[in-house]
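Written below as C-alpha cells is the structure these notes are about.
Where a number appears in this text, it was derived from the coordinates with a stated rule and is not lab data. Nothing here was measured: the structure is a model prediction, and the numbers come from that model. Cβ coordinates were reconstructed from backbone atoms using ideal geometry, including for glycine residues, and neighbour counts include every protein chain displayed.
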Amino acid sequence: MTEYYTLTNGLQIPKIGLGTWQVRDEEEAVQSVVTALKNGYRLIDTAAVYQNEEAVGKGLRESGVAREDIFVTSKVWNADQGYDTTIQAYKDSLARLQLDYLDLYLIHWPTAGKYVETWKAMETLYNEGLVKAIGVSNFHQHHLEDILEVATIVPMVNQIELHPELSQEELVAYCKEKDILVEAYSPLGHGKLLDHPVITEMAEAKGKSVAQIILRWIIQRDIVALPKSVTESRIIENGDIFNFELTKTEMATINQLNTNTRVSADPDNFDF
Ligand code: A2P
C-alpha cells in the first residue's frame, strides 16, 4: 500500500507513518501499532519522551510483520543530550523497544549548547552501523547551519511541525537544497484542522476526507506525513491516500491557508 522516498544514503523511507505522541495508554499504543501495520503502514514514529517505547515494541512484534519490512524511528530526549549520554539513550531505547537497531534516530529538540555535541554521537552511532539513518527534529534553518559547520554527515531528516496553517515553505526549501528529507508531525494540526471550511469543501468535491486531503497535500510536497490516531477507522483512512491526486490549483489553494500558527512549541522558544 505504501510508497517510499529515498534518503541520501539510499535507505527507503515510507511516505506515511503512524505518529504515537501522547499515546500513553499501553493497550492503546500496542493496538494502534498493530492496526497500522496490519493495514499497510510500514513506518512507526516514537520517542523516548513519549514513554510508550515498550508498548510500541510489543505492537511491532504482535503485528506479525517482519522487522526488516518496518521503518522504526525514535528520538533522544533533551535531558539525555551530550555525547556519552546520547549513545546510552540510544541503547536504552533499543532495550525498551526490544530491537537490535533503529531505522532512524533523531535529536528531538535543538537544546541550546548541546545539540552540536549530540550530533557527533549520532554520527558515531551511524558510522558504527548501529542505526540505519540519523537526523534531527524541530530544527530551524539556523540550528541546521550550526550542525552543518561541524558535521561529517548531513542530517538525513528534519522532523518538524507542518500542516496547512504552518506550511513551512522556507524551511522545506532549505532542507530540499541540502537533501534533508522533511517529516511532518501534527499534520492535522493536532486534529484542529479537520473542520477547516476550505479543505472541507475540497474534500466534499473530491469524495475524500479532510484528513486525506491534508495528508495528500503533504506527500505531494515530497514530505513524510506522520498522523497520530488510536482509532482503527482513522488509521485506515489516513493510510489510504495513494489512489488520488491533488491538482496544481488544489495544492495552491491549500498553500494559501498558511497563518504560521503552531500547535506545539517554537524551536526558538521552548523550556523543556
Ligand atoms: P484519535 O487518536 O483519537 O483517533 P495530529 O496527527 O495532527 O496530531 O492529529 C491527531 C489528532 O487527530 C488525534 O486527536 C486523532 O484522534 C485525530 N485524528 C487523526 N486522524 C483523524 C481522522 N482521519 N479523522 C478525524 N480525526 C483524526
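Peptides 71-82, 91-102 ranked from most to least packed by the mean count of surrounding Cβ atoms within 10 Å: 71-82, 91-102. As I understand it, the value is the acute angle between the Cα axis of helix 115-127 and the longest principal axis of the Cα atoms of the chain; what does it come to in degrees, rounded to 10? Roughly 80 degrees, rounded to the nearest 10. Relative contact order of the range 198-272: 28 percent, from C-alpha pairs under 8 Å at least 6 residues apart in sequence. Axis angle, to the nearest 10 degrees, between helix 26-38 and the longest C-alpha principal axis of the chain: 70 degrees. Extension gain, D195-T247: 0.36 nm per intervening residue step, less the Cα-Cα distance, totals 16.6 nm. With all pairs of different C-alpha atoms in the average, the Kirkwood value for the hydrodynamic radius of the range 20-167 is 15.6 Å.
Estimated purely from DSSP H runs of n ≥ 4, each contributing -39500 (n - 2.57), the mean residue ellipticity at 222 nm for the chain is -12000 deg cm²/dmol once divided by its residues. Judged by the mean number of other Cβ atoms found within 10 Å, the most tightly packed of the peptides 108-114, 5-11 leads the ranking 108-114, 5-11. If R0 is 30 Å, the Cβ-Cβ spacing of R24 and I236 corresponds to a FRET efficiency of close to 0.85. Would you mind pulling out the separation of the Cα centroids of the range 107-167 and the range 220-271, in Å? If you average the Cα positions of each part, the centres end up 21 Å apart. In a fully extended conformation the segment linking D268 and K178 would gain 30.3 nm over its present Cα-Cα distance, using 0.36 nm per residue. The angle between the Cα long axis of helix 83-97 and the longest principal axis of the Cα atoms of the chain comes to about 60 degrees, rounded to the nearest 10.
Across the range 115-272, C-alpha contacts under 8 Å between residues 6 or more apart give a mean separation that, scaled by the residue count, equals a relative contact order of 23 percent. As a rough footprinting exposure proxy, the listed residues Y115, Y105, Y126 were ranked by other beta carbons within 10 Å of their own, and the order from fewest upward is Y126, Y115, Y105. What is the chain by shape, rounded, prolate or oblate, if you read a ≥ b ≥ c off the alpha carbon gyration tensor as root eigenvalues and call it rounded for a/c under 1.5, prolate for a/b larger than b/c, and oblate otherwise? It is oblate, given that a/c is not under 1.5 and a/b is not larger than b/c.
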